[in-house]
Amino acid sequence: MGSEKKAAPKALVAGNWKMNGLKTSGAELAALAGQLKDMADLPCDVLICPPATLLAHFSEAALGSPIQTGAQDCHPEDSGAHTGDISAEMIKDAGAEYVIVGHSERRTDHGETDAVVKAKAEAARRARLTAIICIGETEAERDAGKTLEILTGQLEGSLPEGAKAANTVIAYEPVWAIGTGRTPTTEQVAEVHAHIRARLEKALGAEEGAKVRILYGGSVKPANAAELMAVPHVNGALVGGASLKAADFFGIISAYL
Ligand code: 13P
């Protein structure tokens, strides 16, 4: 934890809209852009990951604002016969800068393994996108005292060779905290984030590992954001439900203002 002060990377507050949002939701993007408009030198990066159907539209609409855009998943390959999938290159072409990979909902709903997540993170790098690699334990795993072991396995299995802070973000999202209104204690978050930092420094070297942003996700709201974001080695948030409304998302961003 000694390196936290010297090397704390610029925070990232990211919204994962999941399977929510229609064209009319552009009003929320516009409202957020309006709230951030006169804030020069924002102390954190701001990202919205809408559904794929809105990605190009949001990317264009966000131009000239501090808001960046990202996708929620990508296919490992750049093109081909994969009906319904989108590649990292297509995401880049739509104007986005980031892609979430290995979200627990994809690991569960689509059976994504660490190896698949790693291939997707590699695709992101190939397309010059930043991958937000999600890891997190289930409640049963936490109750069994296996949290750190599970996270180590997911991190080491999902992190591509030669990952860099410039193209990699880690999001710690305890599965049991997603969409439940429950969050870990700040002590639990601190323990996990320090552990992830140590593993990153081991995998990427001390200097590079210290620069990788580690986000916390799972029931982040305006009311708990400041407390969670103040935990050492928490370099931002990955927000689901509370990112859908500009006022709530701005309330979370305000933890950094
Ligand atoms: P909630 O903020 O709705 O709990 O979702 C968290 C999440 O899964 C973000 O990726």
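Any read-out appearing in this document is the output of simple, stated calculations on the displayed coordinates, not a laboratory observation. Values in this document were obtained by computation on a predicted structure and should not be read as measured data. Because the Cβ atoms are built from the backbone with ideal geometry, glycine has one as well, and the counts that use them run over all protein chains shown.
How much FRET efficiency would the formula 1/(1 + (r/R0)^6) give for ALA30 and GLU97, where r is the Cβ-Cβ distance and R0 is 25 Å, rounded to 0.05?
Numbers: r = 19 Å, r/R0 = 0.77.
That gives a FRET efficiency of 0.80.
Decide, for the range 101-157, between rounded, prolate and oblate: order the square roots of the alpha carbon gyration tensor eigenvalues as a ≥ b ≥ c, take rounded if a/c falls under 1.5, and otherwise choose prolate if a/b is larger than b/c, else oblate. Write out the running numbers ahead of the final one.
Working: a/c = 2.81, a/b = 2.01, b/c = 1.40.
Prolate shape, in that a/c is at least 1.5 and a/b is the bigger ratio.
Once phi is turned into θ = phi - 60°, what whole-Hz ³J(HN,Hα) does the Karplus curve with 6.51, -1.76 and 1.60 give for every residue of the range 82-91, x standing for Gly and Pro?
9, 3, x, 8, 10, 8, 4, 5, 5, 5
Which of ALA225, ALA31, ALA71 moves the most in a Gaussian network model of the chain with Cα springs under 10 Å?
Of ALA225, ALA31, ALA71, the most mobile in the Gaussian network model is ALA31.
Over the range 1-99, what is the relative contact order in whole percent, taking alpha-carbon pairs under 8 Å and six or more residues apart? It would help to have the intermediate numbers written out before the result.
Values: 141 pairs, mean separation 25.6, N = 99.
Relative contact order here is 26 percent.
Using modelled backbone amide H atoms (1.01 Å from N, in-plane), which distant-in-sequence or interchain residues come within less than 5 Å of ALA237's amide H?
It is LEU12, VAL13, ALA14, TYR216, by chain and number.
Relative contact order (percent) for the chain, with alpha-carbon contacts under 8 angstrom and 6 or more residues of separation?
Values: 522 pairs, mean separation 55.9, N = 257.
This gives 22 percent for the chain.
Whole-Hz ³J(HN,Hα) for each residue in the range 184-196, computed from phi via Karplus 6.51 cos²θ - 1.76 cosθ + 1.60 with θ = phi - 60°, x for glycine and proline: what do you get?
x, 5, 4, 5, 5, 5, 4, 4, 5, 5, 5, 5, 4
Take ILE150, project a point 7 Å from its Cα along the Cβ direction, then tell me which residues of the range 231-247 have their backbone nitrogen under 17 Å from it.
The answer is none.
Given a Förster radius of 41 Å and the C-beta distance between ALA223 and THR83 as r, what FRET efficiency does 1/(1 + (r/R0)^6) yield to the nearest 0.05? Could the numbers behind the result be given before it?
On the way: r = 42 Å, r/R0 = 1.03.
The pair ALA223/THR83 has a calculated efficiency of 0.45.
When the chain is treated as a GNM, springs tying every alpha-carbon pair under 10 Å, which of LYS120, LYS221, LYS202 comes out with the largest mean-square fluctuation?
Per the Cα network of the chain with a 10 Å cutoff, LYS202 tops the list.
Take the cross-link list LYS146/LYS221; LYS92/LYS120; LYS221/LYS245; LYS120/LYS164; LYS10/LYS120 and give me the ones stretching past 19 Å between alpha-carbons.
Pairs exceeding 19 Å: LYS146/LYS221; LYS10/LYS120.
Pull up the cross-link candidates among the aspartates and glutamates for LYS211, meaning alpha carbon to alpha carbon under 13 Å and not fewer than 8 places away within one chain.
GLU4, GLU201
Considering amide H positions built from the backbone, and no H for Pro or chain starts, which residues 5 or more places from LYS221, or on another chain, come under 5 Å of its amide H?
none
List the relative contact order of the range 128-222 as a percent without decimals, with contacts defined as Cα pairs under 8 Å and 6+ residues apart.
Here the relative contact order equals 35 percent.
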